[in-house]
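The values are calculated or read from the model by the stated rules, or taken from the named source; none is laboratory data. Here the structure is a predicted model, which means the values were calculated and not measured. Here the Cβ positions follow ideal geometry from the backbone for every residue, glycine too, while neighbour counts run over all protein chains shown.
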Amino acid sequence: MKLYEYLAKSLLAEVGIPTPQGRLATTPEEAEAAAREIGPCVVKAQVLVGGRGKAGGIKLANTPEEARQRAAEILGMNLKGYIVEKVWVEQQLKIDRELYVSITVDGQARQPLVIASAHGGVNIEEVPEEYIVKKNIDITTGLLPFHGREIARRLGLSGDLAKQFGDILAKMYTAFRKYDAELVEINPLAVVGDRLIAADSRLNVEDDALFRHPELPRVEEGTELERKVRATGLAFVQLDGDIAVMANGAGMAMGTLDVLSLYGGRPANFLDAGGGASVEPMAQAIRFLLETRPKAILINIFGGITRCDDVARAIVTVKETQGIPVPLVVRLVGTNDEEGRRILAEAGIHAYTDMGEAARAVVAAAYGEGR
Amino acid sequence: MKLYEYLAKSLLAEVGIPTPQGRLATTPEEAEAAAREIGPCVVKAQVLVGGRGKAGGIKLANTPEEARQRAAEILGMNLKGYIVEKVWVEQQLKIDRELYVSITVDGQARQPLVIASAHGGVNIEEVPEEYIVKKNIDITTGLLPFHGREIARRLGLSGDLAKQFGDILAKMYTAFRKYDAELVEINPLAVVGDRLIAADSRLNVEDDALFRHPELPRVEEGTELERKVRATGLAFVQLDGDIAVMANGAGMAMGTLDVLSLYGGRPANFLDAGGGASVEPMAQAIRFLLETRPKAILINIFGGITRCDDVARAIVTVKETQGIPVPLVVRLVGTNDEEGRRILAEAGIHAYTDMGEAARAVVAAAYGEGR
Amino acid sequence: MAVIIDENTRVVVQGITGNQGSFHTAQMLAYGTKVVAGVNFDKAGQEVHGVPVVATVHEAVERYGANASIVFVPARFAKDAALEAIDAGVKVLVLIPEHIPAQDAMEIHAAARKAGVRVIGPNTFGVISPGKCKMGIMPNHIYTPGPVGIVARSGTLSYEIAYTLTRAGFGQSTVIGMGGDRVIGVNFIEALELFQNDPETKLIVMVGEIGGIQEELAAEYIKAHVTKPVVAFLAGRSAPPGKRMGHAGAIIEGNRGTYQSKVQALEAAGVAVASLPWEVADLVRQRLG
Amino acid sequence: MAVIIDENTRVVVQGITGNQGSFHTAQMLAYGTKVVAGVNFDKAGQEVHGVPVVATVHEAVERYGANASIVFVPARFAKDAALEAIDAGVKVLVLIPEHIPAQDAMEIHAAARKAGVRVIGPNTFGVISPGKCKMGIMPNHIYTPGPVGIVARSGTLSYEIAYTLTRAGFGQSTVIGMGGDRVIGVNFIEALELFQNDPETKLIVMVGEIGGIQEELAAEYIKAHVTKPVVAFLAGRSAPPGKRMGHAGAIIEGNRGTYQSKVQALEAAGVAVASLPWEVADLVRQRLG
């Protein structure tokens, strides 16, 4: 879960990382008042989309009046589908130099990873490898002062800046652990005179650890339907095609989309019915698919922890309660598949065993045989 | 550093361990008021000596008046050299069963060690080995719920008592780490109806970690002189003989006492002049030894991190500033010993190289050749 | 021979009394897995499908000689369960739950590495050595013993492929589910090493997907160390960038982890990459005859 | 041969610019130890007795090939310094400071064990392989190469004994200071194992003291595994119970760790126990001729 900029910055400030002064504002008047306190400032739209600056969501203001005007311009703006409801009014900094530092989860090493660069202020993926310092942290002993010294050395920092760097890094790690972060990023970490300041920063909390963080406001990304489906615990992504797809297992769901595409089908979505969902959630998932008014539905199940009989019951439940008004193609193999097949047959639904056949069948049903 | 009972219990209660209700009192009236709140109680002398009960420092009181009387008896009492200034007025418990549990530092395993027994209420060293459960904790991952379950199983606990046990154990470990304890002990861990209560408990903080705990009041053990010497950072133990001894290194200091004893000397003290003390602290140490008015002084140095020239300078400093009115025997070998020997020679002090010779010489000097 | 588990594997099921734990215990028993005990502190003394329930993994190890554990407890309790199993001395640990926090997983893997425990998962379908032992949630009837080692990031897709191989007459030595999470135990490289050194395995099938750089790293490893033929299928060819496709790792970020980069890397390492799942069997046939 | 350190040991000194660090760097250099670098972040670029000061241990390893570190920083910074050295990849770590908190020491040893680093101390005088390498604070002139391996809980007392051995013509293979703390790295048992397997060592001298059960455990180990002759001296014969004699471990608690119990255990294991420090040389002479 990405956190809004203002929240991420506030949490990092809370653990002691120096951040620019800032105030949250929901009206131009509040922005003006904030600017009066802060001085020359930047007015920043609080939406979770990239490229806010280019889209006009970030503007400079040198006086309180300007801050009010800029806030008035930004509030209510539609940024890539999101309406701006809040702006973050933040102190302007006179930046002498820009560094980069982040802590993330390194799946290969199975350890936290610090990435740092003396070339900050740009997307780290665009910085040449030789300017990047990487260091894994042993999660059992944590981040110690020596990590700060060693990374500072490799960045070419010395003296008091190095000390400040180590201090900030230690506090980033504190935040990383405290908030179960998958990313804590300061970019740029600005040299302002003789001080280091986290000019811009991000804090993404891992979704799977949110149960440990009731204190954090939930931020839902995605379309309305995506949010609705995900709220039931299913992995769901809307795509721009017209054949709705449900499969179990992320790999299988992706594979189904791939096969469907290769046979000329246009998938309307990715839906992983997941690990061992029971009947009702799966029925609900099928209902969600029907809401998208697809030309046809393909259900592709290779039962493992998901039982084919449960899938069949879910399909029959939906058919019997609200009907399925578009062609439905089902493919069923794996755990309890015979029972599932029997349940479907009783409801007059044929179940394929071959994935390719099922994909071809749904393409034919959706677009007509002549295609 | 041992903590007073009331403080240890308060800190354990603070981390969430169920402890009996208690109040600290410095006057009989305060004890009476406490008992009025608490009901039938135990009045306990707050001194850091064992065997308080037998010495009359722990008494039952069933009414507030009795509590006042018992407190009046105990306050001001001399318990093994310590005057009782405070009593802890604690709720009486109806104990059904007594368990034992502690967390300590296991030097062999280099890990924290949980020791538990279903046979609590007595000194754990008196419990037969087969009734004792031991389990090391990996300090890098800490104490987890499973440790509680596994130890509870081996103690024969089940159901809610096991859950309470696990919860208390986890909190003991929290206290162990939070306070850099060398011992957290609950004995007895009392079964009172369907609840577990830490009827009596101890929390000893490691001396070497006290710098991390400015929040804890310092408790000094030992005689007045011992405290004064230790305050300078030296290891010092008063003994009942009459030859003052200074050596460098704990093993050497012990060895010197052993050799001295074997030759008929009676050591007045153990004093480890320690790892690389500089001139002034060593001079101060010699002054302390003089304060004990010994019959003679033996200084036995095998210089390593301690430099013999520094030792010599310390001796000469004392000799020149205040004089050394008793026979002084010095043995000097090791780092910079030639320089040390030269400095002493200039001050008219002979330095032995052989430890046995020096020990015999000081015995002769203290008790006369005829002995 | 097989890798990781075999007929000497004695399994304890953590969370045996739960819905999934109980169901898959029955399935594993039906497959012939030696499930020697299950763990639930509060239900110790009971039985599940004839398997004794004990209080802790330590008890399962002491009393029933368990040397491997499969975990079915809810994700938020998984770290405790996993560290319990490691502390109790099992040598193989299969973590079925999905949604285990990555930081918990890192702690689990750190402890496992220190103790020399092989971890499968989390968020895995498990591991099976057909005809010998199954520790997982995969269907029983789709595998058969044979010369193909399979290592897969995702479950169902690998069932699909194993099933086509079985029907085409190519049995499996061991099938390893790596798990779909970002922080996992046995990965492509470790699995490739195990299969390369396993005399029974004659060919290796990798089932990968978009996201991350695991397939690219595997390709480097294959070039340097693997002499046995390798066939791969990768899911996510049609996935748009920036969308997380279920698995924590399955997202194309920037120009990392795309379908094309993975196929290129693998083909450069001599791996035959199938376009459709059932083509894997054809590629295997060409290489094993 | 020698154990732990030899002529290939390349030493970095952590805290080289401090009083003790600087003094003992000079002493180690004078002894012939290859001190290749010192560490002090703020003084990187300077030199101490001709030894380059670098910012971190990693830099010392990368630029000067350091493979062993000796730590002189204040106790409260020792955990950080020790974990730095372990992370940087040294294989031998000598921890001189006393008063390192025991919980810090436990963390250090956990990390060291995981990384396969041999730790001497804390609160040790170090380790010396006479004529080859000295990492420690012991006087230079009291040792000479030879067949006796010494392992000691306390420093000065072992100097005393080494010095009498040297004067009696018995040189040393390696002298190991275990350190006086409760939580230490190389202990009697590990040292005994090293010496038993070292062809150069013909006899082992243990310098123990009251408190703890290390000598008793060593006695058990000797009975089972050590074929070379062992001679011991133990300090604290005259110490009263309940008084901590300087070292964290040197206290007789209850009936554990007494002089008598240690002597009995060692003698039962065939160890010759000297009553006076200088008798050790006589006992060695009787055994080595």
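Here is how the numbers come out for the structure above:
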| read-out | value |
| --- | --- |
| Of all residues in the stretch D:178-187 being on the phi < 0 side of the Ramachandran plot and more than 9 Å from every other protein chain (Cβ to nearest Cβ), the one that is surrounded by the most Cβ atoms within 10 Å (Cβ to Cβ) | D:178 |
| Identity of the residue in the stretch B:185-208, of a type in the set (A, V, I, L, M, F, W, C) and under 12 Å from residue B:2 (Cβ atoms), that ends up surrounded by the fewest Cβ atoms within 10 Å (Cβ to Cβ) | B:205 |
| Unique match (being within 19 Å of residue B:199 (Cβ to Cβ) and among the charged types (D, E, K, R)) among B:130, B:126 | B:126 |
| Pairs, first more than 11 Å from chain B (Cβ to nearest Cβ) and within 18 Å of residue C:9 (Cα to Cα) in the stretch C:65-80, second part of a strand (DSSP E or B) and charged (D, E, K, R), C-beta under 8 Å, six or more apart | C:65/C:10; C:66/C:10; C:67/C:10; C:68/C:10 |
| Pick from the stretch A:249-295, criterion within 22 Å of residue C:19 (Cβ to Cβ) and among the polar types (S, T, N, Q), ranking: nearest to the other protein chains (Cβ to nearest Cβ) | A:278 |
| Residue within the stretch A:100-107 that is more than 14 Å from chain D (Cβ to nearest Cβ), surrounded by 20 or more Cβ atoms within 10 Å (Cβ to Cβ), under 25 Å from residue D:84 (Cα atoms) and without any contact (Cβ under 8 Å) to a residue 24 or more places away in the chain present | yes |
| Subset of the stretch D:118-151 that is within 13 Å of chain B (Cβ to nearest Cβ) and surrounded by fewer than 24 Cβ atoms within 10 Å (Cβ to Cβ) - its residue that is nearest to residue D:71 (Cα to Cα) | D:140 |
| Only listed residue being within 29 Å of residue B:227 (Cα to Cα), of a type in the set (Lys, Arg) and either buried (at least 17 other Cβ atoms within 10 Å of the Cβ) or touching a Leu at 6+ places or on another chain (Cβ under 8 Å) (or both), chosen from B:110, B:68, B:52 | B:52 |
| Filter result for residue A:145 (touching a residue at least 24 places away in the same chain (Cβ under 8 Å), within 14 Å of chain D (Cβ to nearest Cβ) and crowded, with 20+ Cβ neighbours inside 10 Å) | no |
| Neighbours by Cβ (under 8 Å, 6+ apart or cross-chain): first from the stretch A:256-277, free of Cβ contacts under 8 Å to residues at least 40 places away in the same chain; second of a type in the set (Phe, Trp, Tyr) and not in a helix (DSSP H, G or I) | A:257/A:270; A:269/A:236; A:270/A:236; A:272/A:236 |
| Selection count, the stretch D:152-171, where residues are within 19 Å of residue D:31 (Cβ to Cβ), buried (at least 22 other Cβ atoms within 10 Å of the Cβ) and among the polar types (S, T, N, Q) | 2 |
| Residue match in the stretch A:205-212 (condition: within 16 Å of residue C:99 (Cα to Cα), out of contact with any Gly (no Cβ under 8 Å at 6 or more places or on another chain) and part of a strand (DSSP E or B)) | yes |
| Residue D:207, sole failed condition from (1) under 13 Å from residue D:271 (Cβ atoms); (2) at the interface with chain B (Cβ under 8 Å from one of its Cβ atoms); (3) surrounded by fewer than 24 Cβ atoms within 10 Å (Cβ to Cβ) | (3) |
| Test for residue A:269: is it under 26 Å from residue C:183 (Cβ atoms), polar (S, T, N, Q) and either modelled with pLDDT under 95 or buried (at least 21 other Cβ atoms within 10 Å of the Cβ) (or both) | no |
| Any hit, the stretch B:101-111, residues being over 28 Å from the mean Cα position of the chain (by Cα), at pLDDT 95 or above, under 27 Å from residue B:170 (Cα atoms) and not in a loop (DSSP other than H, G, I, E, B) | no |
| Residues satisfying the stated conditions in the stretch D:137-160, i.e. modelled with pLDDT of 95 or more and in contact with a Pro (Cβ under 9 Å, 6 or more places away or on another chain) | D:143, D:144, D:145, D:146 |
| Test: residue in the stretch D:128-147 that is farther than 30 Å from residue B:340 by Cβ and in contact with a helix residue (DSSP H, G or I) (Cβ under 9 Å, 6 or more places away or on another chain) | yes |
| Number of positions in the stretch D:230-271 that are outside any loop (DSSP other than H, G, I, E, B) and crowded, with 19+ Cβ neighbours inside 10 Å | 11 |
| Count of residues meeting criterion [within 9 Å of chain C (Cβ to nearest Cβ) and touching a Lys or Arg at 6+ places or on another chain (Cβ under 7 Å)] in the stretch A:237-248 | 1 |
| Residue match in the stretch D:8-15 (condition: in contact with a Lys or Arg (Cβ under 8 Å, 6 or more places away or on another chain), farther than 30 Å from residue D:196 by Cα and not β-branched (Val, Ile, Thr)) | no |
| Residue match in the stretch A:178-197 (condition: closer than 22 Å to residue D:79 by Cα, more than 14 Å from chain D (Cβ to nearest Cβ) and either assigned to a helix (DSSP H, G or I) or touching a residue at least 40 places away in the same chain (Cβ under 8 Å) (or both)) | no |
| Any hit, the stretch C:169-181, residues being outside any loop (DSSP other than H, G, I, E, B) and either over 14 Å from the mean Cα position of the chain (by Cα) or hydroxyl-bearing (Ser, Thr, Tyr) (or both) | yes |
| Test: residue in the stretch C:188-195 that is touching a residue at least 12 places away in the same chain (Cβ under 8 Å), in a helix (DSSP H, G or I), surrounded by fewer than 24 Cβ atoms within 10 Å (Cβ to Cβ) and facing chain A (nearest Cβ under 10 Å) | yes |
| Residue that is surrounded by the most Cβ atoms within 10 Å (Cβ to Cβ) [pool: residues in the stretch C:26-50 that are away from chain B (no Cβ under 11 Å) and part of a loop (DSSP other than H, G, I, E, B)] | C:33 |
| Condition check for residue B:89: part of a strand (DSSP E or B) and over 17 Å from residue D:213 (Cβ atoms) | yes |
| Residue count, the stretch C:219-259 (criterion: away from chain A (no Cβ under 12 Å) and among the basic types (Lys, Arg)) | 2 |
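Listed here are the residues, each with its yes/no results for (1) under 30 Å from residue B:181 (Cβ atoms); (2) in a helix (DSSP H, G or I); (3) free of Cβ contacts under 8 Å to residues at least 60 places away in the same chain.
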| site | (1), (2), (3) |
| --- | --- |
| B:18 | yes, no, no |
| B:23 | yes, no, no |
| B:32 | no, yes, yes |
| B:36 | no, yes, yes |
| B:43 | yes, no, yes |
| B:53 | yes, no, yes |
| B:72 | no, yes, yes |
| B:76 | no, no, yes |
